[in-house]
1. Under the condition of being touching a Pro at 6+ places or on another chain (Cβ under 6 Å) and open to solvent by less than 20 Å² (accessible area, probe 1.4 Å), which residue from the range 281-294 is nearest to GLY220 (Cα to Cα)?
2. Given the structure, is PRO261 touching a helix residue (DSSP H, G or I) at 6+ places or on another chain (Cβ under 8 Å), of a type outside the set (A, V, I, L, M, F, W, C) and either surrounded by fewer than 22 Cβ atoms within 10 Å (Cβ to Cβ) or at negative phi (or both)?
3. Exactly one condition in (1) open to solvent by 30 Å² or more (accessible area, probe 1.4 Å); (2) touching an Asp or Glu at 6+ places or on another chain (Cβ under 8 Å); (3) of a type outside the set (D, E, K, R); (4) more than 15 Å from VAL107 (Cα to Cα) is false for VAL201; which is it?
4. Being open to solvent by less than 40 Å² (accessible area, probe 1.4 Å), at pLDDT below 95 and either touching a Cys at 6+ places or on another chain (Cβ under 8 Å) or not in a strand (DSSP E or B) (or both) is the requirement here; does GLY350 meet it?
5. On the given criteria, is THR2 at pLDDT below 95, open to solvent by 40 Å² or more (accessible area, probe 1.4 Å) and among the polar types (S, T, N, Q)?
6. Can you tell me how many residues within the range 327-347 are in contact with a Phe, Trp or Tyr (Cβ under 8 Å, 6 or more places away or on another chain) and open to solvent by 30 Å² or more (accessible area, probe 1.4 Å)?
7. Name every residue in the range 87-131 that is charged (D, E, K, R) and either under 15 Å from TRP55 (Cα atoms) or in a strand (DSSP E or B) (or both), in order of residue number.
8. Identify all residues within the range 295-319 that are surrounded by fewer than 23 Cβ atoms within 10 Å (Cβ to Cβ) and under 30 Å from TYR242 (Cα atoms); write none if there are none.
Amino acid sequence: MTWFKSAVLVTAVVAWGCAPGEPALVVGEVEFSARAGSGEPNVYATADGRAILTWLEPAGGEEYALRVAVRDAEGWSAPQTVAEGRDFFVNWADFPSLVELSGGTWVAHWLEKVEANPYAYHVRLSLSHDQGASWSEPIVPHEDRSPTEHGFVSMVPLGDGAALVWLDGRGMKSGPDELDRGDMSLRATTVDPDGGLGSDVLLDGRTCECCQTALVRAGGGLVAAYRDRSAEEIRNIAVVRYADGSWSEPLHVADDNWYYPGCPVNGPQLSALGDTVAVVWFTAPEHSAAVYAAFSYDAGVSFGPRIRIDDGDPLGRVDVELLPDGRAVVIWLERTETAAEIRARLVDAGEGVGRVLPVSQTAETRASGFPRLARVGDELLVTWRLVGEEGGVRVAALRFGE
């Protein structure tokens, strides 16, 4: 297709920035647990109110499997396998995803190593036309086949297919000097329901090397967010827009002025409803860590002032979901006296932030990964990795109750 135009969870009830008489938010018990050793979870909300969970788990020896399960009104389905092999690139920050196209086809992505070099890997896409019962042979969506990094993929349905963006290392080279390795770039393409690929488009020729990207549909087009990298090593959050058949020039959401001669491995996230777009991100200029959110009401053309979200000692690892009333729910990791905690907060562009809502204890190590968030009907599903011998992927629902 071508580009389309147009630790232990506890139950808690908190008066979460609500007006008197409004329902409070409830953190439910864990409702899904994958096997021990599983990780890198992601969750996707379908247009008809289902949730699709993906994750990686050991499959014996040096092999890994990409697994998928669906949650509907009857509960969770039995897990199915998308792909399995010994060449999976398994990384705490760069994890698989799945989207459902308008006609019901699923598109899943994961990463595979292509050389002994630990950071030489390519993106793989596979399609299922029968809700995960069978999968197509994998395809590589990027034109470049060099033994460099290709990952941090974000996908959304678009028209009858999907759009995706990723970080592309074709301009980089291996070597000990990280500041003289060449430039990571941000690129985009499309995939149709039969696996046909669109053009491979350059969106930004110099970006942060290993921070997550984000992609949403907004205002009839697309908005992508990522961490930019200036010639002076300033790492601000930027967005690019796809509208009327072309991509815009990058726009910085805010001027954090974070000088960081390396990759913080901490990317932004987006959520959109109509022309409203919410972006959330981590930054740490002058070693002062913070999590911020900002809102756009013109499909990403401009953003309002940033709003501080964290409680003073954040690790970042953020996600965000807009609610139908225009407020947003943000999750992030905050350090505690003993470890870290996944926290949630309601954000209103006019009223500020609500009370913090503890979601789960977690570890501050890389092994705990990145919690993910999706709005499914009247609920918000949170998935994360519980660290430890009995740990693995967990899922819980945030619900508004009396």
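The values are calculated or read from the model by the stated rules, or taken from the named source; none is laboratory data. Not measured: the values here are computed from a predicted model. As a convention, Cβ positions derive from the backbone with ideal geometry for all residues, glycine included, and neighbour counts pool all protein chains shown. We work out accessible area using only protein heavy atoms, side chains counted, and drop any ligands, DNA or RNA first. Shrake-Rupley method; radii C 1.70, N 1.55, O 1.52, S 1.80 Å.
1. Going through the qualifying residues, I end up with TRP281.
2. yes
3. Answer for VAL201: the failing condition is (2).
4. no
5. Yes: the conditions hold for THR2.
6. The number of residues fulfilling the criteria is 1.
7. Passing the criteria: ASP94, GLU100, GLU112, LYS113, ARG124.
8. Matches in the range 295-319: PHE295, TYR297, ASP298, ALA299, VAL301, SER302, PHE303, GLY304, PRO305, ARG306, ILE307, ARG308.
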